[in-house]
Amino acid sequence: MDNDPAGSPIPHSSHWGAFSVLRRGDSISITPHPRDADPAVLLGNLPAVLNHRARIASPMVRRGWLERGPGPDRLRGRDDFVAVSWSEGLDLAAAELRRVYAEYGGKGVFGGSYGWSSAGRFHHAQSQVHRFLNVLGGYVKSVNTYSSAAAAVILPHVIGSQESAGRENVSWHELATQTDVVLAFGGLPLKNTSVSSGGTSQHIAREHLIAARRRGTQFHLISPLRDDLPDMVEADWHPIRPGTDVPLMLGIAHTLVAEGLHDVAFLECYCVGWPAFEAYLNGPDPKDADWAAAICEIPADTIRTIARQAAGKRTLITCAQSLQRAEHGEQPVWMGVVLAAMLGQIGLPGGGFVYAMGSLSNIGKPALAVPLPTLPQGINKVPDLIPVARISDLLLNPGQEYDFNGRRLTYPDIRLVYWAGGNPFHHHQDINRLREAFFRPDTIIVHESVWTATARHADIVFPATVTMERSDIGASANDPLLVAMHPVGAPYGQARDDYSIFADIALRLDVSDRFTEGRSVDDWLRHLYEPTRMALLKQGRQAPDFAEFWAAGELELPTLPWDGGVVRAFRNDPDNRKLPTPTGMVEIASATIASFGYDDCAGHPVWMPPVEGAGSPLMREYPLHLVSNQPATRLHSQLDFGAASLASKVQGREPVRIHPLDAAARGIADGDVVRLFNHRGACLAGAVISDAVRPGVVQLATGAWYDPIDPSADNPLCVHGNPNVLTRDAGTSRLAQACTGQLTIVQIERYQGELPPIRAFDPPVD
Ligand SMILES: Nc1nc2c(c(=O)[nH]1)N[C@H]1C(S)=C(S)[C@@H](COP(=O)(O)OP(=O)(O)OC[C@H]3O[C@@H](n4cnc5c(=O)[nH]c(N)nc54)[C@H](O)[C@@H]3O)O[C@H]1N2
Ligand SMILES: Nc1nc2c(c(=O)[nH]1)N[C@H]1C(S)=C(S)[C@@H](COP(=O)(O)OP(=O)(O)OC[C@H]3O[C@@H](n4cnc5c(=O)[nH]c(N)nc54)[C@H](O)[C@@H]3O)O[C@H]1N2
Ligand SMILES: [Mo]
């Protein structure tokens, strides 16, 4: 299929946008899709990937594993790698899989393989690895996401689902045309609306925010960072102390009740549990604005003003995913729903509660009217699972019991870990603990394009192509453009796509037919395109065949009219269109959750001071809140060596933003290299002094490649600025067991020593 004549634009797509590529000799240039009025800066990272020195050129096996065979090994992460031929590497992987499945079955294999890999419906690495392991007999899986696991568990109890509260609830168009007041918890940061899984052909957040403001919408930005909403919306910035949104929300709620501004009729008709919650609000220790102000550090008068301005208008409460990626992360999401219910706004166009708008580009855009091409993953016969962010617990504590959403689960004993398309040494908390966990299995197999820290901690590393080296179909649930992703160049070195790697292992294990179903990559693309084409045909629409689609480079798919989903249906007809919650109503208090008896997630939203955060004794030693949010210049750790990401670095380190007062108190100047540390670890970063962060807060985005100064040390300094050497590896609560990586506490100082070089992008082999 790569018959594009050199010189003509080649259509392609990424999680951060559709684009075309022009090839000139060895270099390429990227042009955003013409329909995208606000393309992502992240596109600037792409050219570097085709021939960067961080690429993996051939199959590699860790020396210790090659010489001594499978087994736990503390050398992982600092051992040599030996280049092997494809046939040797595939033979070794096949033999080890055969051994582990024979001795332990799928219960001994962890195949969660969490990670975003790249856009493209067929070469989606996580789908490929799941399909492959299912053919072999299944695997221990992970459920939910690092992004949103607390919301994924709490929202079904409270309002039906993440989708009912988010994707299908309130649109950007409604916000622009109908919302009077926005309380934006965590903001609606334009940087985050760059990205959506599968791709985005139109970035529409900015134009809708401008339109709303022009019409007079009033924005309250509740965030430790001023740039979580663009200046042009002229938001009132309430620089909240991180992790204390629940007290603020309770203070607003208390004010509403105290001043008789809450919608009693709505609470009676549409909700259960109001009396219990009201008793808590007014209880012996009333959650009034003064109480809240002392915790969240927003003045009590301001809290009262926000409550008065929100009442009696078309008010929208938005809640970024970040709020729930923290200790007790279930609470702000639940409390946001309660606040919207008290305002009587749930289910109204442009009003109520919307989850994750502003976290991803495609939330608030209409759904497609046809199904997307989707690779079937088969059936996993192994029932065992972990909540996704419990990976270190799984590997460190086989046999241990734990709670999860009303269930009592046991960590299975994992012998082999298979990872393709994710980077746990970027995404997981407390990397020093993760290193210990990665010493435990017998074998770790990783497919990667580049020498990430995860690849460096593996035993067998297979070099994967990047999307621009292969054909695929780009598509995403809430974006109308189906993109024919044409290859741009030949694979780097001996890299091969994940599918071919799995197909060749499957051949060695005599399950080739079941894995490939006899199809080549091109056959699969045609096959996966078919259901979309059939649905178009059925609806009487233009339905080009695959060859026409491929030649055209794209196809615009129809979308459904916006209807506000199940929440609006319930608002309009509460008797007949119940919510998919246990009671069919909005659950301000949940009998189900109460019945679990968890001390860290009660039967209605409550404020629980964090172990590490506002008010905790540990803050005497580590007095700053660290916000480790999503990076503005890349997607997670992907293409950290790309031009846009590198341009943001300070002396090669990830930028950490610090308020002028906090910097001055520590003798830190703009551009200094600083050391961030706490009781778990330390990293270097480059200081950027900015009053866009509130005092007492520093901000260091995720995704700088982990770069330990001495990999053999116990708690090595990361010289590059990966915040996950600092974050705490603990679940949100016994309910969701979700990732809490967004917030931690640290101290920071000017780095005095000689500056260590950055070697993150240098391969561990010559
Ligand atoms: N402290 C802190 N940590 C966090 C967060 C936070 O807020 N704070 N956020 C969390 C969130 S929301 C998320 S979603 C995670 C993201 O965590 P990940 O999804 O693991 O991060 P990525 O960097 O996108 O990793 C994808 C990897 O896949 C590789 N890859 C790309 N294409 C292919 C392919 O075709 N085949 C193969 N085999 N590999 C490929 C890339 O090179 C890259 O290394 O991080 C989480 N971690
Ligand atoms: N450019 C870019 N965009 C991305 C991604 C990326 O890597 N790069 N990743 C994508 C992914 S996988 C996901 S899941 C989403 C995540 O979307 P989010 O989780 O919403 O994104 P974050 O940037 O982590 O957090 C948003 C903002 O919340 C604020 N915040 C942090 N803690 C608190 C708090 O306690 N209270 C309040 N009120 N605000 C707080 C921070 O200032 C932060 O800038 O982003 C997506 N978008
Ligand atoms: Mo995410």
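Packing order of peptides 280-291, 409-420, highest average first: 409-420, 280-291 (average count of other Cβ atoms within 10 Å over each peptide's residues).
Given contacts defined as C-alpha pairs under 8 Å and at least six residues apart, what's the relative contact order of the chain, whole-number percent? Kindly include the intermediate steps, with their values, before the conclusion.
Details: 1873 pairs, mean separation 157.9, N = 766.
Normalised by residue count, the contact order of the chain is 21 percent.
Residue-wise HN-Hα couplings along region 390-404, as the Karplus relation 6.51 cos²θ - 1.76 cosθ + 1.60 with θ = phi - 60° gives them from phi, are 9, 4, 5, 4, 4, 6, 7, 10, x, x, 6, 8, 7, 9, 7 Hz; Gly and Pro carry x.
If the chain linking A477 and A594 were pulled fully straight, counting 0.36 nm for each residue of separation and taking away their Cα-Cα distance, it would gain 38.6 nm.
Calculate, for A37 and R68, the FRET efficiency according to 1/(1 + (r/R0)^6) with r their C-beta to C-beta distance and R0 51 Å; round to the nearest 0.05. Show your work: numbers first, answer last.
Values: r = 57 Å, r/R0 = 1.12.
The computed FRET efficiency comes out at 0.35.
Taking amide H positions as modeled 1.01 Å from N, with prolines and chain starts lacking one, no residue 5 or more places away or on another chain lies under 5 Å from L635. Sorted largest first, the principal axis extents computed over the alpha-carbon atoms of region 466-562 equal 48, 29, 26 Å. The rule of thumb for compact globular proteins, 2.2 N^0.38 Å, goes into the C-alpha radius of gyration of the chain 0.93 times.
Among the cysteines of the chain, those whose beta-carbon sits 4.7 Å or more from every other cysteine beta-carbon are C269, C271, C296, C319, C601, C739. Model label sites at A57 and R98, defined 7 Å from Cα along the beta-carbon direction, differ in position by 3.2 nm.
Across all C-alpha atoms in region 618-750, the radius of gyration and Dmax reach 14.3, 43 Å. Taken one residue at a time, the phi angles of region 703-713 give Karplus couplings (6.51, -1.76, 1.60, θ = phi - 60°) of x, 5, 4, 4, 9, x, 5, 9, x, 8, 6 Hz. Gly and Pro are set to x.
Stretched out straight at 0.36 nm per residue, the stretch from D413 to D236 would grow longer than its current Cα-Cα span by 58.6 nm.
The calculated FRET efficiency for T583 paired with Q539, based on their beta-carbon distance and R0 = 41 Å, is about 0.65.
The antiparallel fraction among DSSP beta bridges confined to the chain stands at about 55%. Counting only DSSP beta bridges whose two residues both lie in region 146-245, roughly 0 percent are antiparallel.
As a calculated quantity, the FRET efficiency between A552 and N572 at R0 = 60 Å, using C-beta atoms, amounts to about 0.90.
In this structure, the amide hydrogen of M357, modeled 1.01 Å from its nitrogen in the peptide plane, lies closer than 5 angstrom to those of C319, counting only residues at least 5 positions away or on a different chain.
Each principal axis of region 48-103 carries a Cα extent, and these read 43, 25, 16 Å when sorted largest first. For the peptides 38-49, 751-762, the ranking by mean Cβ contacts within 10 Å, running from highest to lowest, is 38-49, 751-762. Computed from the Cα positions only, the extents of region 64-183 along the three principal axes stand at 67, 31, 28 Å, in decreasing order. Take the Cα of D510, step 7 Å toward its Cβ, do the same at D80, and the gap between the two points is 3.8 nm.
You can think of it this way: the chain between V264 and D523 has 87.3 nm of extra reach, that is 0.36 nm per residue less the Cα-Cα gap. In the context of the full set of protein chains, residues of the chain present 34 Å² of accessible surface per residue (probe radius 1.4 Å, heavy atoms only). Amide H contacts for N405 (H built 1.01 Å from N in the peptide plane; partners 5 or more residues away or on another chain; cut-off under 5 Å): L735, A736. Label-to-label distance for R620 and Q309 is 3.9 nm, based on points extended 7 Å past Cα in the beta-carbon direction. Split the accessible area of the chain by element, probe 1.4 Å, and carbon with sulfur accounts for 51%.
Which order, highest average first, do 430-442, 600-612, 351-363 follow once you tally other Cβ atoms within 10 Å for each residue and take the mean per peptide? Each step should come with its number before you reach the end.
Numbers: 430-442: 22.1, 600-612: 20.2, 351-363: 26.8.
The peptides rank, most packed first, as 351-363, 430-442, 600-612.
The values are calculated or read from the model by the stated rules, or taken from the named source; none is laboratory data. These numbers were taken from a predicted model, which means no experiment stands behind them. For neighbour counting, all protein chains shown are included, and Cβ atoms are generated from backbone atoms with ideal geometry for every residue, glycine included. SASA here: full protein model, heavy atoms, side chains in, ligands and nucleic acids out. Shrake-Rupley method; radii C 1.70, N 1.55, O 1.52, S 1.80 Å.
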